[in-house]
Structure formats: C-alpha cells, structure tokens
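Trainee: My structure is below; once you've seen it, I'll send some questions.
The values are calculated or read from the model by the stated rules, or taken from the named source; none is laboratory data. Here the structure is a predicted model, which is why all the values come from computation and not from measurement. Cβ: placed from backbone, ideal geometry, glycine included. Neighbour counts: every protein chain shown. These accessible areas exclude ligands, DNA and RNA; they are computed on the full protein's heavy atoms, side chains included. Shrake-Rupley method; radii C 1.70, N 1.55, O 1.52, S 1.80 Å.
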4 protein chains.
Amino acid sequence: MPKGRLEAFSDGVIAIIITIMVLELKVPHGEDFNALIPLWPTFLSYVLSFVYVGIYWNNHHHMLHLVHHVNGHVLWANLNLLFWLSLLPVATAFMGTNEFATVPVAVYGVDLLMCAISYSVLEFTLRRSHGPDSPFAKAIGTEWKEKISLAAYLAAIPLTFASRWIGVAIYVAVAAMWFIPDRRFEKAG
Amino acid sequence: MPKGRLEAFSDGVIAIIITIMVLELKVPHGEDFNALIPLWPTFLSYVLSFVYVGIYWNNHHHMLHLVHHVNGHVLWANLNLLFWLSLLPVATAFMGTNEFATVPVAVYGVDLLMCAISYSVLEFTLRRSHGPDSPFAKAIGTEWKEKISLAAYLAAIPLTFASRWIGVAIYVAVAAMWFIPDRRFEKAG
Amino acid sequence: MPKGRLEAFSDGVIAIIITIMVLELKVPHGEDFNALIPLWPTFLSYVLSFVYVGIYWNNHHHMLHLVHHVNGHVLWANLNLLFWLSLLPVATAFMGTNEFATVPVAVYGVDLLMCAISYSVLEFTLRRSHGPDSPFAKAIGTEWKEKISLAAYLAAIPLTFASRWIGVAIYVAVAAMWFIPDRRFEKAG
Amino acid sequence: MPKGRLEAFSDGVIAIIITIMVLELKVPHGEDFNALIPLWPTFLSYVLSFVYVGIYWNNHHHMLHLVHHVNGHVLWANLNLLFWLSLLPVATAFMGTNEFATVPVAVYGVDLLMCAISYSVLEFTLRRSHGPDSPFAKAIGTEWKEKISLAAYLAAIPLTFASRWIGVAIYVAVAAMWFIPDRRFEKAG
C-alpha cells in the first residue's frame, strides 16, 4: 500500500488537534486588559501543547519521509498515536483551567507518556515491515532521544506529586530537546 | 473522473469526525482524581467510536486503493457514508452522557447499521461502475464480513432492549472482527 | 499557478463546514426516545444543508476537473464562495432551532442565494481566464441550471413571507435538481 | 525534504482556523430580524478575519509555489506563523463580542502584528535556505508591502487608544493593500 493517504489523514487529524485546542481559550468576559489575566494558565498550557503537537507532526513528517510502504499494522499503530494525541486538547484544558494543579499536571504527563510509547510502537512497526537492513532502520538508529523522553515522563509523573513545577519543568525540557526536528531521517533522505 | 479529490475530501471529513468526538470529553471540573471518574462512560464510548471511525477509514483506504475512476453515483454514495459517519459523534455523546442507557445504546446501533448499509452501497456502486470482471470486483469477493456485520447490528438493536450490555458486547465484537484491515484489497493491490 | 492547493484548501474548508454543522445537533437530555423528538427540526435542516454542501463540493470537484491554471482573481472568487458556504452552519442552526420559522427560513434562502451567486462568479472568473474557446468554456455552456437556481432563490425569499413552507419546498426542489452532479464537465473530461 | 506535506498541513490548519471562527457567530435567540441585530459586530469582525486568513493563505500559497525544499528551520518558522494565526479566532471573538472596544481592538492588532512578523521570519528562513541568488530570493525582492504592514500595525496599536476606529481603519487598509495576491511569485513562477 502506498503511504500517501496515511500522511494525508494524519496531517488532517493533527491539524485539527492543534487547532481545536485554541477553542479552550474562551473569549474573555470584559473589555479591558484585566479580562485577559485569567487566561494566562490556559494560554501557557496551549503554547506547551502546540509545541508538542508541532514536534509530533515534524517527527511524523520526517519519519514517514523514508517509509516506502505501509500495511494494516502500520495503519493501526498510526491510529493509536493519533488517539493519544487527540486526548492532548482535553489534558491541556484540564491542566490550564485548574492552573497547573498537581493531578492535572500528572494526567497531562500520562498522556505525553502514552503519545511517546505510541510513537515508539509506530517506529517499531515500520522498522519491522521494512527490515533491519533497510535505509529506514538505519536512519532510526539507537533512538536515544525516544528513550530519554520515555524515562523523563516516567520520572515526571511521580515527581509531580513532590512538586507540580518539577513535572512542568520536565515536560518543557523534553519539548526543548525535541525542538530540533529529527535529523536522522533528513540526513538519510 | 480521477479519485484523488474523493480520497482527499473523505480523509478530511473522517479526520474531523474522529477528532471532534473528543470535544464531548468536557474538561472535568475539579483538580483531583475524583474529577475524572464521571468521564469514564464518555471516555469508553469515545474509544469505541474512535475504533469504529478508524475501521471505516482503514477500509475506505483499502477499498479506494483498487478503484480507478469515480462517477457521480460514487460521489453521492460516498457522501451518504460520510453523512451517517458524521452522526457518530452525536450518537456517541448520547450514549456516553447517559452512561450506556438502553435507548441511547440502541440509537448508537442504528447509526452503526446505517453506516454499514452505506458502506455496502458504496461498495456495490463501485463494483457496478468497474464491471463484474474487474480486479476491484474480484477483490471484494463474497463480502461475508459485511454480511455478518449487518446481521449483527440487526440483532443487536432489539437485543439491547433485553439487556443493553448485549448490544454493547455485539458492537465491540464486530469492531474486533474488523480490527484487522480488509486484506482482500491489500492482496489484490 | 497550478490548481492543486486550491483544490486541497477548498476540500479542507468544505469538509470542515459539512462536519461542524453536526455540532449543532446538541446531545439530547434524557435517555428515552422522547429526548430525540425536539431534535427533528435541527436534524432535518442538517440533512438539507449536508445535501447542499455535498452538491457544492461535487460541482466544485467537477468544475475544477477541467481547470488548467488559477490566478489571483480565481483564488479570491473561490474564497468568496467558501465565505458564504461557511455561513451555512449558522443559517442552518438559526432555521433548525427556530423550527423553520419565517425569518430564519428567509435568511437561509439569502445565504443559498449568495452561495449561488458566488459560484457563478467563480465560474465566470475561470471562464474569463481560460478564454471563450477553451474546453472549460465549452463545457460550461449556457449554465441554465445556475440561472434556474438563482431565479428560484430570488422567488423563494419573498414567497417565504406568504408561507414559510413554500420557501422550504423551493430549497428542496433546487437541491433535487442539482442532486445529479454536473455532467457537463464529466463528459468534457 | 519535499514541500508537499508542509503545504498540506498548512492548508489543513488554515482551513480549520478560517472555519472555526464561524463558531463564534452564535445562533441568534429569537426568530425575527431583531434577533440578528446583536450579531453585527461579531459578523463584521468575522468578515475582517476571514479576509486576513484568506490573504495569508493566498500569500503562503504563492510563496511556497517557488520553494523547492524545506528543512527543520522552515518547519518551525511555519508552525510559528500557524500559531499566531490560530489565535486570530480568539482575538476576533474578543473584538466582536465587545463591539470593537479599545483594548480588544488593540489586542487584535497585536495578533496581526505577530502574524506579520512570523510571515517575514518564514520568508527570511526560506530565503536563507535557498540562497541570495535563487529564483525564490529574487522573486521576494524588497518586501515593501511587508514593511508597510509592520509599520502600519505598529502605528495602529497605540493609535487605537486615541480612537479605536483609527485602529480598525488601519487594519482594513492593510487588508485592502494585500487583497491583490502577491504577484512577485506568480510572475516568477
């Protein structure tokens, strides 16, 4: 099966996810600057999630660039990733409207963890279908960034209950690490 | 007529359907774990519908893969399928917010039935326009999965009034049966 | 300029318009069949608008099929059509929630009229940029269906104030007339 | 990296932004013409923002037309533009529901300014990656329209506090200036 529609459908879903998050930025009541102040936690969580969804789109883009064919397993691994990404707007709103309270920050981290696991599963599924000697498998390499991210989220969730700002700081740090798109596929392409 | 825009438009509509369902997962009030408990029925119905929409996208993807041309009848058969799929978010929310009550579960089944009928109509329309000896017609074969699904939904709707969990169990079972994408078109391609 | 992105963007906007209309079908309160009864006017207006947006997508699809290039005027004529189509969800909800009251039915007709005018303007703009002897101009022909539709909407809006059901009947009749996609471009292609 | 998915993703996000703005046009309560009167400020701000998003899509379309490859920097510069565009629906609703009050008009101008800066950054990033002697760099030329727009927004924001209608007038004037798509890339293509 060619990969065109998988890319198009993923682009569509990710475009909608990144855009509907903004619907949580409810229009402020009132017409002066004070009306904007209560929006800050929601705005900051929107920025964080926008960057995360942007990272996933960038990396998805880069990863699929080297893919030559997809099969049924890949379609479901991809839908699984889209499922966990689709929960990000809810988790973002939960964190934002509760002004970064402990449980919402932890729940947000659980969704980030599930997204990261799903991305690794998709990568694994693609690598298996392309074979260990394929350009795709070689481009992926050792996946150290994926491993660091998984470890970081696993640490962040319990640490949030010590201090919620540790959790937020770890999410920001992982996003910063991924900010630069995945060069492995760019070079190999 | 080439099939490119039919695929692109269907991808767009299905991507939006699968994503706006998440808008029904209203951000919980409160900042502790208890705030998440009332979300479970809505979340479970979201998962079921996400899987169903994913199945339809996968099968649509596989079916169109072997299609060479589309005409006006195909465009309307496809829009008819998209119409019934577009009601799935409403049916999902009706079922989720009423915690899988009898009538909402039956209504959800009616929509699944209409989606299945519409899919068969689309398949029939495509087969007629390609001819009985086309690779497309040969790949479809006897459509036993479609027939089982239709029979299952027809049984599930009245059985829901005996016990709503029978209805839900049948919907889950049909989804599980379709979880593996339709290999007929993959092989033939 | 090639036409690919114009088609892709239009597909995206039309896909979103056709799908967000369903958001007006608010989840009914209550868990029995009676809960569904108040939804009927909204549902019927959704069906009518779904068919209309489907017609516009089909005809847009057919018309662009014969187009070879687009310029700045075409981009704006297309955006103008998308603008009036984007008001259809609001007009639909206005008509549905007011159970087909006179003024909402007339307002809906005004939007249908503006969509029809905009479609004709787009057609005119494309014809001018392709020249009167182009396959595109020949395929369009005399545009009698467009002219009948414009006349019908112009009649329907005042007639709605005699009886709102005359207005609705005319909208349904025009939709039925367009139900068959525009063969002119299919044949010429 | 090829530019196809960047275009498709941007088309998707911009299509959603231009369409979800219409969700702020809440269905009027009541069934006579008076029900429509309170919608005017929201409608006018919707029209202005629709034109602005249309301008950005047109110019994005024209600019990418001459682009041959994209890299990680371009992806992020593009996401940055989409981020500020995604705030336009919120800024539009803030301005519309407050009937063009001073602070909302100024906030709207800040978002327009950020969009314009982001567009220039994207243009700069693309020019750097294509080289100063590329057809892309030559087509961009001196960017006087971009410079006038930036200066106009910078003037409009403080002038809004003298009179909010000066701000609105400047936004309308800049939109009118951009109404004609960017011919530089059309000619060079």
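Conditions tested, residue by residue: (1) under 20 Å from B:PHE50 (Cα atoms); (2) more than 18 Å from the chain's Cα centre (by Cα).
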site: A:PRO38; (1), (2): no, yes
site: A:VAL47; (1), (2): no, no
site: A:LEU81; (1), (2): yes, no
site: A:LEU112; (1), (2): yes, no
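Trainee: Would you check if A:LYS3 is open to solvent by 10 Å² or more (accessible area, probe 1.4 Å) and at the interface with chain D (Cβ under 9 Å from one of its Cβ atoms)?
Mentor: no
Trainee: Scan the range C:141-154 and tell me whether some residue there is modelled with pLDDT of 95 or more, touching a Phe, Trp or Tyr at 6+ places or on another chain (Cβ under 7 Å) and open to solvent by 40 Å² or more (accessible area, probe 1.4 Å).
Mentor: No, every residue in the range C:141-154 fails to be modelled with pLDDT of 95 or more, touching a Phe, Trp or Tyr at 6+ places or on another chain (Cβ under 7 Å) and open to solvent by 40 Å² or more (accessible area, probe 1.4 Å).
Trainee: Looking only at residues in the range A:60-108 that are in a helix (DSSP H, G or I), more than 28 Å from B:VAL27 (Cα to Cα) and open to solvent by less than 20 Å² (accessible area, probe 1.4 Å), which one is farthest from the other protein chains (Cβ to nearest Cβ)?
Mentor: Ranking the candidates gives A:MET63 first.
Trainee: Now for a different question. Take the residues of the range A:25-41 that are in a helix (DSSP H, G or I) and open to solvent by 50 Å² or more (accessible area, probe 1.4 Å): which is nearest to the other protein chains (Cβ to nearest Cβ)?
Mentor: Per the criteria, the residue is A:PHE33.
Trainee: Right, here's the next one. Scan the range D:116-140 for residues that are hydrophobic (A, V, I, L, M, F, W, C), more than 13 Å from D:LEU64 (Cα to Cα) and buried (at least 19 other Cβ atoms within 10 Å of the Cβ) and jot them down.
Mentor: Answer for the range D:116-140, where residues must be hydrophobic (A, V, I, L, M, F, W, C), more than 13 Å from D:LEU64 (Cα to Cα) and buried (at least 19 other Cβ atoms within 10 Å of the Cβ): just D:ALA116.
Trainee: Please list, ordered by first then second residue, the pairs with beta carbon atoms under 9 Å, 6 or more apart or interchain, first in the range A:117-135 and touching a residue at least 12 places away in the same chain (Cβ under 8 Å) and assigned to a helix (DSSP H, G or I), second acidic (Asp, Glu) and surrounded by 14 or more Cβ atoms within 10 Å (Cβ to Cβ).
Mentor: Close Cβ pairs (under 9 Å, with a partner that is acidic (Asp, Glu) and surrounded by 14 or more Cβ atoms within 10 Å (Cβ to Cβ)) amount to A:TYR119/A:GLU146; A:SER120/A:GLU143; A:SER120/A:GLU146; A:GLU123/A:GLU143; A:GLU123/A:GLU146.
Trainee: Based on what the data block shows, is A:PHE161 modelled with pLDDT under 95, aromatic (Phe, Trp, Tyr) and part of a helix (DSSP H, G or I)?
Mentor: no
Trainee: What is the number of the single condition among (1) under 22 Å from C:VAL74 (Cβ atoms); (2) open to solvent by less than 10 Å² (accessible area, probe 1.4 Å); (3) facing chain C (nearest Cβ under 9 Å) that D:GLY12 does not meet?
Mentor: Unmet condition: (2).
Trainee: Sticking with this one: Does A:PHE50 satisfy the condition of being facing chain D (nearest Cβ under 8 Å), farther than 22 Å from C:ALA15 by Cα and modelled with pLDDT of 90 or more? Outline the logic, then answer.
Mentor: Numbers: facing chain D (nearest Cβ under 8 Å): yes; farther than 22 Å from C:ALA15 by Cα: yes; modelled with pLDDT of 90 or more: yes.
Here the answer is yes, as A:PHE50 does meet what is asked.
Trainee: Quick one: in the range D:15-24, of everything that is of a type in the set (Val, Ile, Thr) and more than 7 Å from chain C (Cβ to nearest Cβ), which residue is farthest from D:HIS69 (Cα to Cα)?
Mentor: The qualifying residue farthest from D:HIS69 (Cα to Cα) is D:ILE20.
Trainee: Of the residues that make up the range D:75-95, is at least one over 26 Å from A:LEU39 (Cα atoms), of a type in the set (A, V, I, L, M) and out of contact with any Ser or Thr (no Cβ under 9 Å at 6 or more places or on another chain)?
Mentor: Checked the range D:75-95: at least one residue is over 26 Å from A:LEU39 (Cα atoms), of a type in the set (A, V, I, L, M) and out of contact with any Ser or Thr (no Cβ under 9 Å at 6 or more places or on another chain).
Trainee: When the range A:13-62 is examined, which residues are found to be within 13 Å of A:VAL90 (Cα to Cα) and acidic (Asp, Glu)?
Mentor: Correct list: A:GLU24 only.
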